[in-house]
1. Go through Lys192/Lys240; Lys192/Lys350; Lys192/Lys410 and tell me which ones have a Cα-Cα distance over 21 Å in this structure.
2. How big, in percent, is the set of alpha carbon pairs in the range 276-397 lying more than 26 Å apart?
3. For the range 70-163, evaluate the Debye formula with one uniform point scatterer on each Cα (no solvent term) and list log10 I(q)/I(0) at q = 0.12, 0.13, 0.25 Å⁻¹, rounded to two decimals.
4. Considering the alpha-carbon set of the range 286-334 alone, what are its Rg and its Dmax in angstrom?
5. Round to the nearest 0.05 the FRET efficiency obtained for Ser307 and Asn202 when R0 = 25 Å and r is the Cβ-Cβ distance.
6. Multiply the residue separation of Asp86 and Tyr217 by 0.36 nm, subtract the distance between their alpha-carbon atoms, and state the gained length in nm to one decimal.
7. What does the charge count around Asp299 come to, taking other residues whose C-beta lies under 13 Å from its C-beta (Lys +1, Arg +1, Asp -1, Glu -1)?
8. How much net charge surrounds Asn336 when only the other residues with a Cβ under 13 Å from the Cβ of Asn336 are counted, with Lys and Arg +1 and Asp and Glu -1?
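Taken together, the values in this text are just the output of simple stated rules run on the coordinates, not laboratory data. Everything quoted here is computed from the prediction, not taken from an experiment. Note that each Cβ is placed from the backbone with ideal geometry, even for glycine, and that neighbours are counted across all protein chains shown.
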Amino acid sequence: MRQLISDKSNIILFFKYIIKILIIFLLNNSILNKKYIDNKNTNVENILNILNAKKIDKLLYIKNKDNKDNIYFIKYNNSLNISLYDFLFINNIKTNSIKNLINQFPKLNKIKYNQSLYFFILKNKNISKIIWNVSNKEKIIFECINNNFIEIKVINLKNKKLIIISSLFNINFFINNIKKNILNDNYIKTIKSILNKITNINKLKTGDKISIIILNYNNIYNLNKSNNKLIGIKVYTNNKKYYALKLKNDNKFYDQNANSVNYNKFIFPIIGKINITSNFSNKRLNPITNRISPHNGIDIKVPIGTSIFSICDGIIKKVSYDKNAGNFIVIDHNNNYITKYMHLNKSLVKTGQIIKKGDLIAISGNSGRTTGPHLHFEIWDKKKAINPLNVKKLNKLHKLYGNKKIEFIKFFNKINSYID
């Protein structure tokens with residue numbers, strides 16, 4: 001008797017499941033017959049404009065029978081009482097397309113009861129785009145490009161919109177798509193420059209997450225390049241988070257601790273133990289002339305043949321010889337600072353050459369007027385020589401303090417709360 005009741009219960013559950021699938025199938029087939037749109041009208045900008053309407057359905061275009069690129073959409077929410085995977089599978093979406101989506105964005109499995117997902121499906125049953133109505137304040141678009149998805153989050157703020165574009169795949173492919181559709185070329189250069197400062201862009205790999213943060217002050221759902229202002233970048237790689245964010249009236253980017261990321265911190269020009277034989281001084285007794293005169297740098301005792309490195313990114317301003325300085329190099333660091341390296345044995349760079357921090361630029365020697373092999377090293381701030389031993393102090397100057405720092409940290413926390 002118990003076995004019979006159990007069997008009946010299983011049969012009832014089975015039929016309920018079949019009925020549920022049939023209902024979903026019929027609902028979606030009714031949608032398929034009505035909700036076709038022209039693929040030419042489904043770029044990101046138009047999708048964002050669609051989001052500006054109270055009902056997405058009203059803005060969909062009627063099927064054009066002559067257009068082979070027609071796509072349709074299906075709607076998913078928790079009221080269907082079925083998993084997202086099963087829902088897409090029932091709708092004959094290709095398995096690889098489903099797996100790519102769910103693997104990249106597992107959060108789609110956790111949508112709330114009052115939220116909806118709109119899937120734009122290509123004729124070949126691959127997913128083209130997804131719109132997630134998170135709330136009246138927040139919408140998310142997932143756009144598929146070569147079986148990978150770019151996430152575009154749009155958030156209503158006061159008198160503006162925050163747009164966060166994220167990717168988990170190839171950095172160059174990601175930047176090229178942003179360049180094509182979203183940001184002007186000068187912003188693309190800024191993105192690449194900042195990425196190189198907060199992390200190593202060449203070591204970013206598939207699976208590392210990059211988020212580009214944009215403000216749109218026109219208060220419209222539009223990705224027109226001229227309306228968008230780059231305000232920040234976030235990179236997640238090797239289990240670490242790196243940030244660069246700027247305030248509205250400040251052209252510099254800062255990390256989460258309000259330290260400037262535009263400023264490329266100095267390193268020392270040699271590796272290993274530093275043996276200073278003559279310090280920076282405005283009044284030094286010259287060991288050769290026996291006269292009091294300024295010593296605008298420091299003398300570092302090194303054997304001939306020691307590697308000399310650039311202390312910061314820059315451009316080679318001069319490579320020459322002087323009877324006093326010997327073989328020397330001057331580097332302009334594009335941040336008001338100039339460095340000079342003297343008494344070299346050999347220069348390894350040419351005038352006009354662009355160099356990076358840590359690049360090998362010369363071999364130390366004993367050229368010019370000296371008392372022995374050493375490197376004479378100078379740092380100039382505009383037209384004023386400064387003590388190279390104060391490099392640590394110089395590095396600390398490029399950060400926010402006081403009310404500016406408080407304002408930035410508050411702004412950073414607000415923006416960061418919107419980034420996954």
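1. Details: Lys192/Lys240 19 Å; Lys192/Lys350 25 Å; Lys192/Lys410 26 Å.
Exceeds cut-off: Lys192/Lys350; Lys192/Lys410.
2. Values: 1109 of 7381 pairs.
In whole percent, the share of Cα-Cα pairs in the range 276-397 beyond 26 Å is 15.
3. Computed log10 I(q)/I(0) values: -0.37, -0.43, -1.44.
4. For the range 286-334, the Cα radius of gyration and maximum Cα-Cα distance read 13.5, 37 Å.
5. On the way: r = 22 Å, r/R0 = 0.90.
Computed FRET efficiency for Ser307 and Asn202 comes out at 0.65.
6. 43.1 nm
7. Details: positive: Arg284, Lys301, Lys340, Arg369; negative: Glu378.
Local charge sum for Asp299: +3.
8. Numbers: positive: Lys382, Lys383, Lys384; negative: Asp332, Asp381.
Neighbourhood net charge equals +1.
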